[in-house]
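Report on the following structure.
Please treat every number below as a calculation from the coordinates, not as lab data. Just so it is clear, the model here is predicted, and its values are computed rather than measured. With ideal geometry, Cβ positions are generated from the backbone for all residues, glycine too; neighbour counts draw on all protein chains shown.
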Amino acid sequence: MADTIRLVIISDTHGFHEIVVPPGDVLIHGGDGCKTGTLDEARQWGAFLDAQPHAHKIAIAGNHDRCFEADLDAARAQLPSKLEFLHDSGCELDGVRYWGAPWQPWFLSWAFNLPRGPELGQKWALIPDNTDVLVTHGPPHGILDRTYAGEPVGCEELRAAVARVRPRVHVFGHIHEGYGVASRDGTMFVNASTCTLSYRPTNAAIVVDLPRDRARPAELVSGG
């Protein structure tokens, strides 16, 4: 058994299913696989994920994935049965504990909006303390969350939850112009938005090696 697990991380693909995805052990999609969130778009997103060769695949919904908010069961049925679709839920794969959730501070009239404050805090309170890899659609406040105007729009309650949980890797997207990687207090933060601000799918997938030894930090391989 290898002493590291290779994570291949993408997000905000918005229906661009011709992108090149590097090989690895676990493919993680941080939401917004759809453009407007129809069931047909969800089916196409599912076909894209199903075609990838990774042994394990994880995905969450994002604000463009409206059908997942309107009818979660019907939308989930469009995705591969072997996909780990996380929705305020977690899974364990090869000893690594993952948790995923789609929520973000209120943003126009898109899906999975909640007001800043206690309602978002209640969602993040569900994250177990032993989470290794946290997958949320939106970023925490102050980390890879600045818009083109320079405004930090991430979630304050999520930032507090990350400080409590201290995941080894925190994956998100949503703010396309925040694409990149940052490390703080033992957590590697990955904004893996595939699409740019102008919705061009030109940002590379971010590849991270996660050592099985929890005393060792995650290592950036490529992207970001």
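Structure notes:
- Computed across the chain, the Kirkwood radius stands at 16.9 Å (inverse of mean 1/r, all Cα pairs).
- Given R0 = 41 Å, the distance between the Cβ atoms of residue 148 and residue 73 translates into a calculated FRET efficiency of 0.65.
- Structural descriptor for the chain: relative contact order 20 percent, calculated from alpha carbon pairs under 8 angstrom and at least 6 residues apart.
- Placing dummy labels 7 Å off each Cα toward the beta-carbon, the span from residue 38 to residue 91 is 2.8 nm.
- A simple count of charges around residue 72, restricted to other residues whose Cβ falls under 14 Å of its Cβ and scoring Lys, Arg +1 and Asp, Glu -1, yields -3.
- Sequentially through region 143-148, phi angles give Karplus couplings (6.51, -1.76, 1.60; θ = phi - 60°) of 10, 6, 10, 7, 6, 4 Hz, Gly and Pro residues having no value and appearing as x.
- Placed amide H near residue 189: partners under 5 Å, 5+ positions off or other chain: 170, 182, 183, 184
- The alpha carbon centroids of region 25-48 and region 150-164 are separated by 25 Å.
- From phi via Karplus (6.51, -1.76, 1.60), per-residue ³J(HN,Hα) for region 75-89 in Hz, x at Gly/Pro: 5, 4, 5, 7, 9, x, 5, 7, 6, 8, 8, 9, 9, 6, 8
- Other-chain or far-sequence residues with amide H under 5 Å of residue 93's (modelled H): 98
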